[in-house]
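Undergrad: Pasting a structure here, questions to come.
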Amino acid sequence: VLVFPKIDFTDEEQIAFTKTMGTFAPERAGAPEEVSPITTDPKIAGHTAAYLKGSLYWHIDGTSSEVPILA
């Protein structure tokens, strides 16, 4: 985990930075956008806002990936 407080990347900069660390793997394959909004506001995140709220208590990443996360 890398933490860069207040780095203020644009979406495009965040994607470019992420791609320097390995293969880019968007959380939602086939989604038109490459960056998923992290918010519980349904006006911004749509139906995923309620899902995100539930994931604040417990979640596991990569459950929708064809190949499981190995590390």
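The values are calculated or read from the model by the stated rules, or taken from the named source; none is laboratory data. Just so we're clear, the structure is a prediction, and the values are computed from it rather than from any experiment. Please note: Cβ atoms are built from the backbone with ideal geometry, for glycine as well, and neighbour counts cover all protein chains shown. To get the accessible areas, we keep the full protein, side chains included, count just its heavy atoms, and leave off ligands, DNA and RNA. Shrake-Rupley method; radii C 1.70, N 1.55, O 1.52, S 1.80 Å.
Undergrad: Of all residues being in a loop (DSSP other than H, G, I, E, B) and of a type in the set (A, V, I, L, M, F, W, C) in segment 41-66, which is least open to solvent (accessible area, probe 1.4 Å)? Just the residue, please.
TA: It comes out as ILE60.
Undergrad: Hey, does segment 23-33 have a residue that's out of contact with any strand residue (DSSP E or B) (no Cβ under 9 Å at 6 or more places or on another chain), modelled with pLDDT of 75 or more, part of a loop (DSSP other than H, G, I, E, B) and not hydrophobic (A, V, I, L, M, F, W, C)?
TA: Yes, because at least one residue in segment 23-33 is out of contact with any strand residue (DSSP E or B) (no Cβ under 9 Å at 6 or more places or on another chain), modelled with pLDDT of 75 or more, part of a loop (DSSP other than H, G, I, E, B) and not hydrophobic (A, V, I, L, M, F, W, C).
Undergrad: Could you tell me how many of the residues in segment 3-22 are among the β-branched types (Val, Ile, Thr) and surrounded by 11 or more Cβ atoms within 10 Å (Cβ to Cβ)?
TA: As a first pass, look at segment 3-22 and keep what is among the β-branched types (Val, Ile, Thr): 3, 7, 10, 15, 18, 20.
Now restrict to residues that are surrounded by 11 or more Cβ atoms within 10 Å (Cβ to Cβ): 15, 18.
Of the residues in segment 3-22, 2 are among the β-branched types (Val, Ile, Thr) and surrounded by 11 or more Cβ atoms within 10 Å (Cβ to Cβ).
Undergrad: Okay, moving on. Kindly provide the set of residues from segment 34-60 that are modelled with pLDDT under 80 and of a type in the set (A, V, I, L, M), ordered by number.
TA: Once the filter is applied, which keeps residues that are modelled with pLDDT under 80 and of a type in the set (A, V, I, L, M), segment 34-60 yields VAL35, LEU56, ILE60.
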